[in-house]
Amino acid sequence: MGTVHLAQFRAERRANTLLERIRAAAGADQLALVQALILDHALGCAEFSANDFRDQLPGDLPHGLLGAAVRGLAASRTITATGRTVPSTSPATHGHRITVYRLAAAAEELAHAA
């Protein structure tokens, strides 16, 4: 049982390292732009996935930045996974499943207070 947890830990650590490299390569401005688009979209709907706003992103974004931005918002608990997945509409992903998110309650309260 411990081996499974260790393997999962190592996989998550590799993924997080890769995401950090993507974020660093993109620069703060591009990451901020993508996260702002995500949050703007999240305020207008109950649930969302990357499929919902991918076409609104600039075409020159570094590969993987959208996923890195989403994971960063989830890690900061600004958005939260619903437990559901949907097939990706991005041709590059060949329809693999992606997570459906919603705005976290605390973030939603802050947005409506502003």
Two-site FRET efficiency, Leu43 against Glu12, from Cβ-Cβ distance with R₀ of 30 Å, rounded to 0.05: 0.55
Radius 15 Å from Cβ of Leu6, net charge of other residues (Lys, Arg +1; Asp, Glu -1): +2
Ile79 long-range amide H proximity, modeled H, under 5 Å: Ala74, Ala104
Amide proton proximity set for Ser88, modelled H, under 5 Å, gap of 5+: Gly95, His96, Arg97, Ile98
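Net charge around Thr89, counting only other residues with Cβ within less than 10 Å of its Cβ (Lys, Arg = +1; Asp, Glu = -1)? Don't jump to the answer; show the numbers that get you there.
Numbers: positive: Arg54; negative: Asp52, Asp55.
Result for the neighbourhood of Thr89: -1.
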Net charge of Cβ neighbours under 14 Å - reference Ser49; Lys, Arg +1; Asp, Glu -1: +2
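The numbers here are math on the coordinates, done by the rules we state, and not lab data. Just so it is clear, the structure is predicted and the values come from calculations on it, not from any experiment. With ideal geometry, Cβ positions are generated from the backbone for all residues, glycine too; neighbour counts draw on all protein chains shown.
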